[in-house]
Amino acid sequence: MKDLSSKELKNLLAPCGLYCGVCGIYYATKNNNDKLRKKLAKAYWCKKSSINCNGCLSDNRFFFCKTCKIRNCVMEKKISGCHECDDFPCKFIEQYPYNLAKEYMLISTQVRRNLRNDELWIRWEEENWKCKNCGEITFRGAKRCPKCKEEIKSPAIIL
């Protein structure tokens, strides 16, 4: 894991609880993976060139993240994430359009709140999406490891 003080890593600390370091769009960007970009573009009904992001808190955000109500709410409240908010879970989480992502938000935000330490939260997130065969940090929703092609089992979210 990179130094938590690095700007690159701080850009990945998504306020909603969906750690960007294990996001498919970030993974495709970081690894310049055009095959994954094509699959994601189909899933998000957008052009392959739109699959480009350096994290929710960066200046280079995926179009969906540019208009995220959760991110905007956290910025307005001047807190680092939903894990610090007394209103969690709020209407923005409850009305999030992707149910699977919403499930992960609810779990991950609670874990981040309980751990009270971003470094431990990142380790928890990465461990959940690490290929058990080769150790590659994959991404939420990966079916196979992009590196060794081993099947990735959805994590039994470890608390």
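The values are calculated or read from the model by the stated rules, or taken from the named source; none is laboratory data. Remember, it's a predicted structure, so these values are computed and weren't measured experimentally. Neighbour counts are summed over all protein chains in view; Cβ atoms, including those assigned to glycine, are modelled from backbone coordinates with ideal geometry.
Summary of values
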item: Odd one out for residue 20, checked against (1) of a type in the set (A, V, I, L, M, F, W, C); (2) more than 20 Å from residue 130 (Cα to Cα); (3) under 16 Å from the mean Cα position of the chain (by Cα); result: (2)
item: Residue within the stretch 95-108 that is more than 16 Å from residue 20 (Cα to Cα), more than 17 Å from the chain's Cα centre (by Cα), outside any helix (DSSP H, G or I) and not charged (D, E, K, R) present; result: yes
item: Top-ranked residue in the stretch 61-74 [being out of contact with any helix residue (DSSP H, G or I) (no Cβ under 8 Å at 6 or more places or on another chain) and free of Cβ contacts under 8 Å to residues at least 24 places away in the same chain; ranked as farthest from residue 36 (Cα to Cα)]; result: 72
item: Every residue from the stretch 125-139 that is surrounded by fewer than 18 Cβ atoms within 10 Å (Cβ to Cβ) and assigned to a helix (DSSP H, G or I); result: 126, 127
item: Qualifying position, being surrounded by 13 or more Cβ atoms within 10 Å (Cβ to Cβ), more than 17 Å from the chain's Cα centre (by Cα) and modelled with pLDDT under 95, among 46, 68, 56; result: 46
item: Odd one out for residue 32 among (1) within 17 Å of the chain's Cα centre (by Cα); (2) more than 20 Å from residue 82 (Cβ to Cβ); result: (1)
item: Hits in the stretch 24-79 - residues which are among the β-branched types (Val, Ile, Thr), part of a helix (DSSP H, G or I) and within 17 Å of residue 138 (Cα to Cα); result: 25, 29
item: Where a residue in the stretch 124-141 is farther than 15 Å from residue 25 by Cα and its partner, wherever it lies, is modelled with pLDDT under 90 and part of a loop (DSSP other than H, G, I, E, B), with Cβ under 6 Å and at least six apart; result: 128/155
item: Test: residue 51 is touching a residue at least 24 places away in the same chain (Cβ under 8 Å) and farther than 14 Å from residue 18 by Cβ; result: yes
item: Residue list for the stretch 8-27, filter: of a type in the set (A, V, I, L, M, F, W, C) and either modelled with pLDDT of 95 or more or under 23 Å from residue 106 (Cβ atoms) (or both); result: 12, 13, 14, 16, 18, 20, 22, 23, 25
